[in-house]
Amino acid sequence: MRKTNLTLVAFLLFFCLTVILSGCQTHKTTPTPTLVWQIEVSKFEIMNNLSAIESVTQYNGSKIDVAHTQSPDAGNVYLIIKVIIHKEDNQSTASFDWQQLVVNDGSGNSYHRLANDTFLEQYQYTPRITGLELRFGENSGWMCYEIPVSVATGKLTLVYTAEESQQEITLQK
Amino acid sequence: MKQRIFYIIVPIIIILAIAASVLFSGVLVMPTKATLANATPVESYDILEYQYQRELNILSDYANGSYTPQNPYIIQDPYKANPLSALILFETAEPAQVTATVIGKNQYATFTYSMDGFTTHHEVAVLGLYPGQKNQVDLAIIYQNGQEKKYEQFLQTEPLPYDFPNLAVQVSKPEKMEPGVDLMISCLDTNYTYMLDANGDVRGYFSNKNFGHCTAMRVLKNGRLLTTGDVEKLMPYNMYTLWEMNLLGKVFVEYEIPNAVHHDIIELDNGDFLAASNNENMPLGYDTREDVVIRIDRQSGAVTQQYDLRQILDDNRKPYNHYDPGVLNAPNRDWAHTNSVAMDEGDNSIIFSSPIQSAVVKFNADTHEIDWILSSPEGWDGEFSQYQKYLLTPIGENFEWQWGQHSVKILPDTAGDSNTIDILLFDNGQARSYTQANSINPVNNYSRAVIYRINELNRTVEQIWQFGKELGSGAYATFLGNVEKMQLTGNFNIDFGGMLRQDGVPLDDIVQSVIGRQQVQSRVVEVQQKGEVVFDVSVTPNNSSDAETYQVRKMDLYTAAIQYLLGDSKCQRKGDVQSSEPTSYNLPNFFIPRITLNFKQIYQQNGNLILQGSFLYNGKSYMLGKVLFVLKNKDYQYIFAATPGLNGNFAARFDLNDVQPGEYAIYVAGGVVNGMDALGKVNFGYNPTGYKIQVK
């Protein structure tokens, strides 16, 4: 009996550890030193949808839970990435062009950042990185892409193309 | 058997004794190397330094290139303050004057501005971009020989934030409206201050919600906007600082006001400010609040006069109202809630509005002698009968008293009678009675803008204009709001600022809304004197409980405040900084891990630690009894008291000048009260905040 318990505990520990580790996502960066702008991915998550529960006290004192949800188009998932975008070459006049920052899947398809991802802050992805043109300095925060669910488990790469060079960051799951 | 018990009991006693000695030695609440290593450092931040450095960074980046009118340097949201603004920089070979035009949906929404003088270096401010679209900005370059060249630029902006209020325009007749934009001023730090054009489109907003709330923003004679800054003395709107700023978000001057400013501030003829304020020891060292009017010297920033309204009115008078949160044994009372100040420089007198007293009072600034009280005669008998001689006698038809009023202004004389003074105010109409028994239910109530003509010689008051009663309870605003008469058209801009609604039904519970438990919406109406509505917009919440509008102010989008050069001069700080010294308190020798903090602000500035946030006890918000922050390392411990607010909110500025240099872990200790009696049973907590601070 005691041995069974120990086995069970060991299994549970192993299982929990596996779950925890499988939830951690890392990334592989291919820095290109010639780029004016360097991008670093500090985290990323793939979400079928976003949800948040807000506890709201009613006029009579009772509380209700108000659910907020945000879903991508059917067949898609959200790819939410936390980045640091830093201007390496302070002598350069190049600004950061968001149109050149795309996510590529293994089949060669490219995806642009959502035109409106201000909802991220409602789901605690704070701060969200601005979508305005960047001119200098270090800029960091979350941004959101929408990609087909079918490519979400395959190879995904964040690519920034500028000044005839490219920076690729493999988003490793 | 006894021996066996002895061998069991003695070790247990020894273990318990060791545990107790460890527990009560305080060693458990000492920061360890690991505590400090894992804690988040408190960053240094000073908006004046930050903005100056940002200007230098822009100039440095600009210096890398060669920019012309065809290919200018564009930086959007240059101060990270108004995302619908930009700066365009370039050089011209010959001196030229630049005119910028932001193309709008129609002529009333198109904004044009010309920079002063002819120069070769140009820094052109762009205001009034639309959100979430590509905006066309035309630059007209006029040279001294009369030659003119035009260039088009296109600026893509971001959509509005997810929690930006919904705006529903019911009426828009731009050709009949006062030119300019409506500055929609927020009341709480959960809403935005933004600008609307004549079509009701958003053309600018401040992304920083921590400043400028619940205080009139005024356009000064120098074209700058005067508003409260971002350092809170008492939640939710008593602010230590005032800013002179522009619509790009640049702060030119920060005034430090130990008394804190709330609700209203005006510029006097000589440039000084008059503000609704407090005794400087409020809130922890004084028993009332929001009952002092102060005068601020513009040059030094010092408070030069304090008019204590308790010397003018009896603070024991208690009309029925909905401002009072009903806290028993509260540390200070809000008997006046002064929300408007005006100065009659003709006879050197001050007019203030107390919505809680439903009274507007004029008194002499030198003698403090009351001139008159504009108020219903209800409640001025008995122990308050000494004030009856100041009450005005109503005359004329359709006269109605004001209740819970806001925004009192002196209008220019149109009667041609030196004995009369015309007073414009926003009559919220709260309760419309001194007593609860006779109070009007909100579903039958109304709010309105009203002009009273007061004959100071005859001691009479006449109602000569009103608008709003005809809107019924649909525009009833229990609290907030303002009205202004505009110069060019003579139209009135009216803000029905705090409309409490549940399922569309009007309510009166202000406190529930202020602590975020009740939705609040608003409505802004521009009306001609004859009663024709030329603009009507409803503001409702969107992913937030707040869509209040503290005040509306029509203003030019482009004022002289955008004419300056980046990095030209460092912004100034004036006045006297007030911050809390360390205090003493017997803290437990072990942690009681019950407290979670959500910081809205935590930073160091010029030897002070500034904090603002909310406090959860066991995951829930309560009325706060005491909030202490403890800075501790192995050698020293300093305890500071923050000012508690309703619903677990707190604010603080701690003086670190006497704190020994070193690294400190920051802990929080505090008690919450279950219920609404400040002296009720206190539940205490004490645990790390997860932050550390380096004191130099």
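The numbers here are math on the coordinates, done by the rules we state, and not lab data. Every value quoted in this text rests on a predicted model; they were computed, and no experiment measured them. Cβ coordinates were reconstructed from backbone atoms using ideal geometry, including for glycine residues, and neighbour counts include every protein chain displayed.
Fully extended, how many nm does the chain gain between residue B:170 and residue B:488 (0.36 nm per residue separation, minus their Cα-Cα distance)?
112.2 nm
Below 16 Å, Cα to Cα, which lysines can residue B:469 reach? Residues fewer than 8 away in the same chain don't count.
List returned: B:530.
Need the C-alpha centroid separation for the range B:341-404 versus the range B:411-444, integer Å.
11 Å
Rank these for me by crowding, B:115, B:177, going from fewest to most other beta carbons within 10 Å.
B:115, B:177
Just to be sure I understand: if I project the alpha-carbon convex hull of the range B:107-183 onto a plane and average over all orientations, what area do I get in nm²?
The directionally averaged projection comes out at 7.6 nm².
Classify the range A:36-173: rounded, prolate or oblate, from the alpha-carbon gyration tensor (a ≥ b ≥ c, eigenvalue square roots; a/c under 1.5 rounded; otherwise prolate if a/b is larger than b/c)?
oblate
What list of ³J(HN,Hα) couplings, whole Hz, do you get for the range B:170-186 from phi and the Karplus terms 6.51, -1.76, 1.60, once you set θ to phi - 60° and write x for glycine and proline?
Those phi angles translate into 8, 9, 8, 10, x, 5, 9, 8, 5, x, x, 10, 8, 7, 9, 8, 6 Hz.
Lysine pairs, Cα distance under 19 Å, 8 or more residues apart or cross-chain: how many in the range B:540-696?
9
Summing +1 for each Lys or Arg and -1 for each Asp or Glu, what net charge is found among the other residues whose Cβ lies under 12 Å from the Cβ of residue B:143?
Neighbourhood net charge equals -1.
Using r as the Cβ-Cβ distance of residue A:146 and residue B:154, and R0 as 22 Å, what FRET efficiency do you calculate, to the nearest 0.05?
Between residue A:146 and residue B:154 the formula returns 0.30.
Enter the Cα centre distance for the pair the range B:41-56 and the range A:77-100, rounded to the nearest angstrom.
22 Å
Using θ = phi - 60° and the Karplus form 6.51 cos²θ - 1.76 cosθ + 1.60, what ³J(HN,Hα) does each residue of the range B:554-565 get, whole Hz, x for Gly and Pro?
6, 8, 6, 5, 9, 10, 4, 5, 9, 9, 7, 10
What's the magnitude of the charge dipole for the protein assembly as shown around its Cα centre, counting Lys and Arg as +1 and Asp and Glu as -1 at the beta-carbon? Answer in Debye, nearest 20.
3700 debye
As an exercise, take the mean of 1/r over every pair of distinct alpha carbons in the range B:69-214, invert it, and state the Kirkwood radius in angstroms.
About 16.5 Å, per the Kirkwood formula over Cα pairs.
Mind checking which of B:10, B:70, B:34 is farthest towards the positive end of the range B:1-142's charge dipole, using Cβ charges of +1 (Lys, Arg) and -1 (Asp, Glu) about the Cα centre?
Checked the options; the winner is B:10.
Could you give the length gained on full extension between residue B:8 and residue B:68, defined as 0.36 nm per residue of separation minus the Cα-Cα distance, in nm?
12.6 nm
Work the Kirkwood hydrodynamic radius out for the range B:29-134: mean of 1/r over every pair of different alpha-carbon atoms, inverted, in Å.
16.9 Å
To the nearest 0.05, what FRET efficiency results for residue B:80 and residue B:299 with a Förster distance of 41 Å applied to their C-beta separation?
My answer for the efficiency is 0.85.
So what are the protein assembly as shown's ellipsoid semi-axes, whole angstrom, largest first, if each one is the square root of 5 times an eigenvalue of the alpha-carbon gyration tensor?
Equivalent ellipsoid of the protein assembly as shown: 47, 41, 26 Å, largest first.
Pop a pseudo-label 7 angstrom from the Cα along the beta-carbon direction at both residue A:170 and residue B:18 and give the gap in nm to one decimal.
It is 5.3 nm.
Can you give me the pair-distance distribution of the range B:226-360, C-alpha pairs, 5 Å bins, whole percents?
The percentages, shortest bin first, are 2, 10, 20, 23, 20, 13, 8, 3, 1, 0.
Name the residue from B:557, B:392, A:80 whose Cα lies farthest towards the positive end of the charge dipole of the protein assembly as shown, charges +1 on Cβ of Lys and Arg and -1 on Cβ of Asp and Glu.
The residue sitting farthest along the positive end of the dipole is A:80.
Can I get the semi-axes of the range B:278-330's equivalent ellipsoid? Compute them from the C-alpha gyration tensor as square roots of 5 times the eigenvalues, in angstrom, largest first.
Output for the range B:278-330: semi-axes of 26, 13, 10 Å.
Of B:114, B:101, B:129, which is farthest along the charge dipole of the range B:67-156 in the positive direction, counting Lys and Arg as +1 and Asp and Glu as -1 at C-beta?
The Cα lying farthest towards the positive end belongs to B:129.
How big is chain B in terms of Cα radius of gyration and Dmax, in angstroms?
28.0, 116
Just the Cα atoms of the range B:585-696: what Rg and Dmax do they give in Å?
For the range B:585-696, the Cα radius of gyration and maximum Cα-Cα distance read 13.6, 42 Å.
Residue B:383 to residue B:657: extension gain in nm, 0.36 nm per residue of separation minus the Cα-Cα distance?
Full extension from residue B:383 to residue B:657 adds 93.8 nm.
Measuring from the lowest to the highest alpha carbon on each principal axis, how far does the range B:378-525 reach, largest first, in angstroms?
Principal extents (largest minus smallest coordinate, Cα): 48, 47, 26 Å.
Calculate the dipole size of the range A:59-173 relative to its Cα centre from +1 charges on Lys and Arg beta carbons and -1 charges on Asp and Glu beta carbons; express the result in debye to the nearest 20.
So the dipole magnitude of the range A:59-173 works out to roughly 420 debye.
Once R0 is set to 41 Å, what does the formula 1/(1 + (r/R0)^6) return for the Cβ-Cβ distance between residue A:42 and residue B:542, expressed as a FRET efficiency to the nearest 0.05?
0.85
Please figure out what share of the DSSP beta bridges in the protein assembly as shown is antiparallel and state it in percent, rounded to the nearest 5.
95 percent
Run the dipole for the range B:67-156 about the Cα centre, Lys and Arg Cβ at +1, Asp and Glu Cβ at -1, nothing else charged, and hand back the magnitude in debye, nearest 20.
320 debye
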